[in-house]
Every structure is written in C-alpha cells, then in structure tokens.
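The values are calculated or read from the model by the stated rules, or taken from the named source; none is laboratory data. Because the structure is predicted, anything quoted here is derived from the model rather than measured. Cβ placement follows ideal geometry from the backbone for every residue including glycine, while neighbour counts extend to all protein chains displayed. Heavy atoms of the whole protein, side chains included, go into the accessibility calculation; ligands, DNA and RNA do not. Shrake-Rupley method; radii C 1.70, N 1.55, O 1.52, S 1.80 Å.
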Amino acid sequence: RLYGLQAFRDFAWRLSGNPNWRDADDLLWINDSFRHLGIRFYMLNSAADIDFRRPKVYQIPMGALVNLVGNYASDEGLFGMILAHHGPIATDMLASDAIQNWAQASKSIQNTPVRMFIHGHGHARFADVISLADETKHRKVEGMLDRGEMLRVMAPTTHLNGTKRPIAERRGFNLITLNRNHGRVEEVEIDSYDLSADVPRRSKDGPWSVRL
C-alpha cells in the first residue's frame, strides 16, 4: 500500500509544499491554517486499507486517528470540518460504499470541535445531520445543530460527464458559507449548483442551513 501511494504522495508534496503529504502516517493530519478564522480541518484517509486483494475496504485507520485527535487539545472556539473521500452511511447508500468502521471512528471525534463532514465517492447532492453516538440516527438539515451531532455534506463531481451519471449526481459543486460572529462560526449555509455546458445553475436539491 505504501508503494502504491508513494507516487501520489510525492506529486502532492511537490505541488502543494505541504510536508504532511510526505510525512503524515496513513495520510491523516490536522490543518490549522485557518485557526485565526475559527476553523480547523481534519484530513482523514478512508482508503488507507485498500489493496489489490481488498479493493473496497473503506476504513479510517483507528490507531492513527486516536493519535491525531489525542495530540490536539479540544478547543470549544473552533469549528472543525472533516474532509475525506468516503463518508458515513446515508439514506439510500449501500453500506459497502460507506466508511465501514464509522461506529468506532465517530467515538474518537466526539470530544473534538468537529461539526461538519464533507466527502465525495457517491457525488450525490445530499446533506443531513447525523449523530456521533449512534450511526443509525439521521435527520434533516434544519434548526440547531446539537452537541453530539454533525452536519454531513456530500460533494457533487465537477468533471465527469453528467449524461453518464444519475440525475442526483450530475456535474456541479457546492457553495458552503460559514457565517461567523466574533471569530466563531454560528451558521452553515449550503447551496448546490448544476453545471450544464459549464454554466452553473442553482440545484433544486438545496439550499440547506443549520445554526450552531
């Protein structure tokens, strides 16, 4: 697995200059570049266990995750966002397409500032609120985001020909607005757009918003 990832790690390191692409164990790290804006990114690798014998093992490396969150003190003033390729199970999603050890991984982030999870893989226009304590609990994006809850947003694809994908997965992008007050995120707004002939049009699936 290390050999298979090495070429990409070298490419990303040379492109971005970010040493985490070169040095981070299992490609998990925290990005505090926007801490002054009250934002922290958690970069999680859900494909770390994939190899030619097991091409669909989507898991977060638990040892690396526990070490990662344990090395950073919880900061109530931050708004934490997870970025990963795969995400937790969702309505109408096959369990085999989701992070298979999410029940364990979610326990490790319950005491962190994480409030949102952004992922792809399915590339549907979809958002919901999920419980960190019970992976079976989901609700609509509305009202207040309670402690122990997390906003999940699935990202559309910007490049694959829309005629080759289901209606819900046509080309497009999300625009996420973090409304802040005195350096703290107080509301999240999500607009989704379709791309047709490279012209963006607001999708009927959004908008979504939730308050903190």
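Step by step: first the residues of the stretch 195-212, then only those that are within 21 Å of MET144 (Cα to Cα) and either β-branched (Val, Ile, Thr) or modelled with pLDDT of 90 or more (or both), then the one that is surrounded by the most Cβ atoms within 10 Å (Cβ to Cβ). Which residue is that?
Step one: list which residues in the stretch 195-212 are within 21 Å of MET144 (Cα to Cα), which gives 205-212.
Imposing the further condition that a residue be either β-branched (Val, Ile, Thr) or modelled with pLDDT of 90 or more (or both) reduces the set to 207-212.
Numbers: PRO207: 15, TRP208: 22, SER209: 17, VAL210: 20, ARG211: 12, LEU212: 18.
If we take residues in the stretch 195-212 being within 21 Å of MET144 (Cα to Cα) and either β-branched (Val, Ile, Thr) or modelled with pLDDT of 90 or more (or both), then TRP208 is surrounded by the most Cβ atoms within 10 Å (Cβ to Cβ).
For the stretch 30-57, which residues satisfy the criterion of being over 26 Å from ILE176 (Cα atoms) and touching a helix residue (DSSP H, G or I) at 6+ places or on another chain (Cβ under 8 Å)?
The first filter runs over the stretch 30-57 and keeps only residues over 26 Å from ILE176 (Cα atoms), leaving 48-57.
Across the stretch 30-57, the qualifying residues are ALA48, ASP51, LYS56.
Here is the figure for the stretch 119-136: residues that are under 24 Å from GLU186 (Cα atoms) and buried (at least 19 other Cβ atoms within 10 Å of the Cβ) total 7. Considering only residues that are of a type outside the set (S, T, N, Q) and open to solvent by less than 20 Å² (accessible area, probe 1.4 Å), which ones fall in the stretch 40-56? Result: ARG40, TYR42, LEU44, ALA48. Within the stretch 137-158, the set of residues being open to solvent by 60 Å² or more (accessible area, probe 1.4 Å) and touching a strand residue (DSSP E or B) at 6+ places or on another chain (Cβ under 9 Å) comprises LYS137, HIS138, ARG139, LYS140, GLU142, MET144, ASP146, THR158. Sub-6 Å Cβ pairs linking a first residue in the stretch 120-143 that is without any contact (Cβ under 8 Å) to a residue 24 or more places away in the chain to a second residue that is among the small types (Gly, Ala, Ser) and surrounded by fewer than 18 Cβ atoms within 10 Å (Cβ to Cβ), at least 6 apart or interchain, are LYS137/SER131, ordered by first then second residue.
Restricting attention to the stretch 73-124 and to residues that are part of a loop (DSSP other than H, G, I, E, B) and among the β-branched types (Val, Ile, Thr), the residue that is farthest from LEU212 (Cα to Cα) turns out to be ILE99. Here the stretch 162-194 is the region considered, the condition is being open to solvent by less than 70 Å² (accessible area, probe 1.4 Å) and not in a strand (DSSP E or B), and the residue that is modelled with the highest pLDDT is GLY183.
Does VAL57 qualify as being of a type in the set (A, V, I, L, M, F, W, C), assigned to a loop (DSSP other than H, G, I, E, B) and within 17 Å of LEU27 (Cβ to Cβ)? Don't jump to the end; show me each part of the working.
Values: of a type in the set (A, V, I, L, M, F, W, C): yes; assigned to a loop (DSSP other than H, G, I, E, B): yes; within 17 Å of LEU27 (Cβ to Cβ): yes.
Here the answer is yes, as VAL57 does meet what is asked.
For the stretch 63-102, filtered to residues that are open to solvent by 60 Å² or more (accessible area, probe 1.4 Å) and modelled with pLDDT of 90 or more, the residue that is nearest to ALA127 (Cα to Cα) is HIS85. Could we say that ILE30 is of a type in the set (Val, Ile, Thr), closer than 17 Å to ASN101 by Cα and touching a Leu at 6+ places or on another chain (Cβ under 7 Å) here? In short, no. Among residues of the stretch 1-39 being in a helix (DSSP H, G or I) and among the aliphatic types (A, V, I, L, M), the one that is most open to solvent (accessible area, probe 1.4 Å) is LEU15.
Out of the residues in the stretch 103-113 that are hydroxyl-bearing (Ser, Thr, Tyr) and in contact with a Ser or Thr (Cβ under 9 Å, 6 or more places away or on another chain), which is surrounded by the most Cβ atoms within 10 Å (Cβ to Cβ)?
Narrowing the stretch 103-113 to residues hydroxyl-bearing (Ser, Thr, Tyr): 106, 108, 112.
Of the ones still in play, those that are also in contact with a Ser or Thr (Cβ under 9 Å, 6 or more places away or on another chain) are 106, 112.
Details: SER106: 22, THR112: 20.
Only one residue fits best here, namely SER106.
Mind listing just one residue for me: the one in the stretch 36-61 that is more than 14 Å from the chain's Cα centre (by Cα) and small (Gly, Ala, Ser) and, of those, modelled with the highest pLDDT? Checking each candidate, the answer is GLY38.
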